1. Please compute the average number of Cβ atoms from other chains found within 10 Å of each residue's Cβ in peptide B:50-61.
2. Once the label point is placed 7 Å from Cα along Cβ, list for A:Arg34 the distances to the corresponding points in the other copies, in nm, shortest first.
3. How high is the relative contact order of the range B:7-146? Use alpha-carbon pairs under 8 Å, at least six apart in sequence, and give a whole percent.
4. Working from Cα positions, state the angle (0 to 90°, nearest 10) between the long axis of helix A:131-148 and the longest principal axis of chain A.
5. Students often forget the sequence filter, so: which lysines lie under 17 Å Cα-Cα from B:Lys175 once same-chain residues fewer than 8 apart are removed?
6. Among DSSP beta bridges lying fully in the range A:7-146, give the percent that are antiparallel, nearest 5.
7. If each residue of separation counts as 0.36 nm, what is the full-extension length gain between B:Thr36 and B:Leu124 once their alpha-carbon separation is subtracted?
8. Take every DSSP beta bridge whose two residues both sit in chain A, then give the antiparallel share in percent to the nearest 5.
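The values are calculated or read from the model by the stated rules, or taken from the named source; none is laboratory data. Remember, it's a predicted structure, so these values are computed and weren't measured experimentally. All Cβ positions, glycine included, derive from the backbone under ideal geometry; neighbour counts span all protein chains shown. Surface accessibility is based on the protein's heavy atoms, side chains included, excluding ligands, DNA and RNA. Shrake-Rupley method; radii C 1.70, N 1.55, O 1.52, S 1.80 Å.
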Protein chains: 2
Amino acid sequence: MTTTIGLGLAVSTVIFALRADATGAPSVWLPLVRRTRDPYLDRWALPGGMVRVDESLEGAARRNLGETTRLEPTYLEQLYAFGDVDRSPDQRLVSIVYWALVRPDEAERVTLGENVRWFAADELPDLAFDHNLIVDYALWRLRTKMEYSRIAHAFLGPRFTLAELREVYEAVLRKPLDPANFRRQMETSGVIEPTGEVVTGGRHRPPRLYRYTGAVDLVDAGPLSRRATGAVRPDLRNSA
Amino acid sequence: MTTTIGLGLAVSTVIFALRADATGAPSVWLPLVRRTRDPYLDRWALPGGMVRVDESLEGAARRNLGETTRLEPTYLEQLYAFGDVDRSPDQRLVSIVYWALVRPDEAERVTLGENVRWFAADELPDLAFDHNLIVDYALWRLRTKMEYSRIAHAFLGPRFTLAELREVYEAVLRKPLDPANFRRQMETSGVIEPTGEVVTGGRHRPPRLYRYTGAVDLVDAGPLSRRATGAVRPDLRNSA
DNA sequence: ACAAAAGTGTTAGAAATACACCCATGA
DNA sequence: TCATGGGTGTATTTCTAACACTTTTGT
């Protein structure tokens with residue numbers, strides 16, 4: 001009755017990780033996969049695939065992520081549904097796009113090869129479909145959300161120095177931040193607390209290690225976090 | 001090949017308008033439609049319908065809006081894609097949900113009757129599917145976005161007094177705002193300008209009429225806003 | 001004149017910003 | 001000792017909230 005024939009429903013994911021660029025400074029990178037069939041044969045594209053009837057949208061995103069890149073992101077959130085009639089030359093294709101953040105150590109798990117490669121987010125080639133547009137939008141979301149939420153910690157492990165946390169912000173926002181003011185903003189926000197440990201070995205005063213408190217004050221948690229399924233919203237997943 | 005059988009793709013829209021509540025004060029209302037078939041026969045639900053193969057997602061939302069309520073909203077933005085496996089007891093149903101704002105005079109165009117009715121946003125009955133959750137999320141988005149964007153103008157006509165604009169904010173945010181400070185915030189933001197006209201007839205000093213300057217786009221068209229024009233996104237305009 | 005809402009002025013406190021300067025370590 | 005980044009102190013500016021006060025109309 002409501003069966004939709006000729007209309008494909010897919011998911012794709014924009015995966016962000018911080019890696020060193022040519023100058024050695026950390027910047028935003030993402031893995032892309034080379035298409036092995038038409039349309040856009042041999043063009044680079046976002047990892048993704050069709051949604052199966054028995055899996056949720058986020059589930060489909062996670063499955064495709066694992067199958068193509070072996071990644072299990074610490075942060076995964078829906079970005080937007082793209083459904084223009086002409087966005088695929090082949091058939092009508094609606095894509096639910098997610099965006100993900102992974103830690104550097106996770107990023108190393110990506111199976112590199114002829115068909116999977118990392119690209120600097122601001123030096124992308126011409127991608128398949130409308131994927132350049134999608135990445136631009138995801139980058140805008142990443143940078144916007146970095147300013148008012150605490151997603152930065154999705155790029156880090158459970159313990160980190162304030163310098164490491166600040167470098168995440170600086171890499172994503174592409175501007176230097178005052179270490180003194182950054183420290184105070186983080187301390188007064190109450191989202192981090194010192195573990196009591198310090199890191200020795202540097203040729204300078206040993207920095208303290210911090211952890212996230214989980215005292216969630218996420219302004220944008222929204223009703224989705226209280227979903228009946230018990231599924232925690234990606235935003236909150238790391239807060240425990 | 002990629003044909004999806006048994007997976008329905010629908011659009012629904014949460015339509016917000018300001019109407020007087022029991023006390024006469026303006027508050028947020030939305031129109032719902034009564035379902036005329038299973039599942040959820042006779043339950044109230046968001047207006048919506050299936051996406052046709054030859055129409056965009058937003059186009060499908062606008063078409064369904066017109067067919068069920070005769071509304072042509074001034075503001076329409078994608079909210080979220082809901083796709084849990086069990087959200088419809090019938091078949092697998094993925095819904096792309098939009099949210100819309102309409103002016104009071106537009107709201108009057110809604111064809112009321114046995115199967116279409118306005119409800120106060122905070123006094124909803126048990127709705128069909130997961131529509132209570134969806135409305136909660138849309139309300140959260142409305143209130144959040146009211147604080148940092150200029151969507152309030154979508155509830156008003158081309159000319160308005162500062163008191164009218166303030167009442168929109170107060171109705172949505174459900175808290176009183178200082179008229180003096182509100183005036184200054186609006187004036188310094190540069191998004192409104194006086195028309196030179198005043199409104200006479202009140203038993204008090206005639207208020208000036210203002211218009212929106214157009215310095216910032218009303219609709220957040222998502223990634224599409226910079227596709228053709230290369231325009232800066234509204235939210236980023238003040239950060240440079 | 002009075003009530004009511006429009007509109008202006010002023011001040012206190014909070015928050016962001018800039019930057020001087022001390023601290024603790026490795027070499 | 002010096003270089004290096006970690007960390008603290010503090011003055012300046014900017015933003016926000018609170019509220020006293022003046023203006024202009026209708027009755």
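1. On the way: counts 5, 5, 4, 7, 2, 3, 7, 6, 2, 3, 1, 0.
Mean partner shielding for this stretch: 4.
2. For A:Arg34, the other copies' label points sit at 6.1 nm, shortest first.
3. On the way: 251 pairs, mean separation 45.9, N = 140.
Across the range B:7-146, relative contact order equals 33 percent.
4. With rounding to tens, the tilt is 30 degrees.
5. Cα-Cα hits under 17 Å: B:Lys145.
6. Values: 22 of 32 bridges.
About 70 percent, rounded to the nearest 5.
7. Numbers: separation 88, 0.36 × 88 = 31.68 nm, distance 1.89 nm.
Gain in length upon complete extension: 29.8 nm.
8. Values: 27 of 37 bridges.
Here the antiparallel bridges make up roughly 75 percent for chain A.
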